[in-house]
Amino acid sequence: MVIPKFGFLERPDIDLLKSFKIKKYLSGWKYYLGRYKYPNFTGNLINYVIGPILKNKFVFLRCDCDHFGPWTYLFLFTKSQLFKKDKIYFCLARKNTINRHWINLYRKKNLILIFNPILHFILSPLFFAPIIALDVNAHNYISFFRNNIKYKHFRRMNELSDDFLASINNDKSLPKRNESIFNNKIVLLYARTGNWRFSIKNSTRNMSLEASNELIRIISKSYNVFLVGDTQFSNKSKNKNIFDESYLLKNNISISEIYKRASFVIGSCSGGTHFPSLIFNIPTLYIADIPLWHLKAIYNLPASNYKNLSIPKKDKWLLISKEKFNSLTSNQYEDILQIFFKGGDISSIKEFNTYRCDRSFNKEEPAFTKDKKGNIHISEFSYNTLGI
């Protein structure tokens with residue numbers, strides 16, 4: 001797999017040689033030259049030589065679809081006003097990083113997905129020519145600003161605002177179904193384990209089995225819970241309100257129908273949560289231990305000040321360390337969940353303060369201001385060094 005590196009990539013560290021890690025040093029240069037320097041340099045030439053000829057017909061989407069999360073942004077782009085019927089779009093992707101069902105559902109005739117690794121390498125420079133390329137994943141350009149490196153200023157996808165998400169989710173018509181999963185409101189729950197083969201294994205975004213079990217136990221008392229992806233639950237067979245993909249297979253139900261009918265999403269900050277939340281515009285409670293700039297990347301926030309909420313109103317962010325979240329009591333879990341389901345103020349719970357995002361200038365962390373009407377809820381015991 002040789003999908004190029006669209007974000008900023010540093011040169012291999014010379015200290016590897018000093019510590020006699022020669023093989024790792026040479027491997028680093030191979031990666032750096034093949035997946036970053038070569039396409040970047042050649043892309044500059046293409047930009048001026050054949051770019052003006054290609055720009056009226058072709059667009060090369062800078063979205064590294066080699067794990068689940070970026071597919072979210074690719075599909076959102078195909079629903080945006082930037083996606084034109086009279087142009088042909090190309091995107092580099094890795095096989096088996098998303099269920100074929102989703103590709104069949106959202107693939108457009110004028111969107112060409114390239115899975116062949118050899119073609120990845122050959123065509124990669126076309127994705128580095130600003131005149132014909134477009135950034136779909138905001139992590140790409142934010143990585144340049146964070147490293148104080150000049151950015152080529154590729155065109156970018158839309159900000160994921162309330163209006164944009166509402167505009168692409170205006171079809172809510174669904175026939176009545178009699179299966180048991182539809183006899184109550186559905187809550188999608190994604191408790192990231194890191195066990196999926198394309199995931200980073202040891203991540204602060206992972207949720208402990210104890211915490212996910214407790215959330216599922218509480219939610220299933222009032223709602224039907226659908227376990228997304230690699231989410232685990234110890235006593236699933238003993239609870240009739242808990243479902244997973246095996247149930248869908250037995251009852252010939254598509255996963256897209258479950259997502260479309262879902263009332264809430266709860267989960268870790270990862271593609272398994274972003275996908276249903278953004279694609280289907282579902283109210284979401286994120287439980288996250290992430291750098292604050294990730295919020296800029298997730299919503300493609302432009303560099304500006306905000307008079308209104310910059311982050312979609314449907315989403316609530318519980319910014320809390322993994323350790324602190326694990327230490328919460330069952331009553332605290334229940335309070336947080338009930339307030340979220342009722343659209344209340346999570347900051348009313350002890351140890352949490354509520355903020356809104358005021359601005360997101362390119363080179364800075366997003367700026368927060370305390371506001372009870374905001375949707376970013378921070379555990380002061382987890383983020384007591386932020387100075388906000």
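Only the coordinates and a few stated rules stand behind these numbers; no lab work does. Computed from a prediction, not measured in an experiment: that's the story for all the values here. As a convention, Cβ positions derive from the backbone with ideal geometry for all residues, glycine included, and neighbour counts pool all protein chains shown.
Numbers for the structure displayed
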{"quantity": "Unit charges at the beta carbon, dipole of the chain: most positive-side option, I14, F243, H101", "calculated": "H101"}
{"quantity": "Computed over the stretch 1-64: relative contact order in percent, which uses C-alpha pairs under 8 Å that are six or more apart", "calculated": "45"}
{"quantity": "Rotationally averaged projected area of the chain (alpha carbon convex hull; nm²)", "calculated": "21.0"}
{"quantity": "Within the chain, helix-based [θ] at 222 nm, where runs of 4 or more DSSP H residues each add -39,500 (n - 2.57), nearest 500", "calculated": "-9000 deg cm²/dmol"}
{"quantity": "Among the listed pairs K109/K250; K296/K322; K260/K316; K5/K313, those beyond 29 Å (Cα-Cα)", "calculated": "K109/K250; K5/K313"}
{"quantity": "Potential extension, N362-N96 segment - 0.36 nm per residue separation minus Cα distance", "calculated": "92.4 nm"}
{"quantity": "Pair A303, K85: separation of 7 Å Cα→Cβ label points (nm)", "calculated": "3.6"}
{"quantity": "Estimated inter-spin distance, S167 and E323, nm [label 7 Å along Cα→Cβ]", "calculated": "4.5"}
{"quantity": "Whole-number percent relative contact order across the stretch 29-137, with pairs defined as alpha carbons under 8 Å at least 6 apart", "calculated": "44"}
{"quantity": "Relative contact order [Cα under 8 Å, 6+ residues apart], the chain, whole percent", "calculated": "14"}
{"quantity": "Chain lengthening between L174 and R155 when straightened (0.36 nm per residue, less Cα-Cα)", "calculated": "3.2 nm"}
{"quantity": "Of all DSSP beta bridges in the chain, antiparallel share, percent nearest 5", "calculated": "20"}
{"quantity": "Net length gained if the chain between E380 and Q232 were fully extended (0.36 nm per residue, minus Cα distance)", "calculated": "50.4 nm"}
{"quantity": "Overall Cα dimensions of the stretch 29-137, principal axis frame, Å, largest first", "calculated": "37, 33, 20"}
{"quantity": "Surrounding net charge for S208, when Lys and Arg each add one and Asp and Glu each subtract one, Cβ distance under 10 Å", "calculated": "-2"}
{"quantity": "Amide proton proximity set for L111, modelled H, under 5 Å, gap of 5+", "calculated": "Y89"}
{"quantity": "Viscosity 1.002 mPa s, 20 °C: Kirkwood-radius Stokes-Einstein D of the stretch 22-91 over Cα pairs, µm²/s", "calculated": "147"}
{"quantity": "Pairwise label distance in nanometres, L33 with K240, each label 7 Å out on the Cα-Cβ vector", "calculated": "6.6"}
{"quantity": "Dipole in debye (nearest 20) - the stretch 172-356, about Cα centre, beta carbon charges: Lys, Arg +1; Asp, Glu -1", "calculated": "460"}
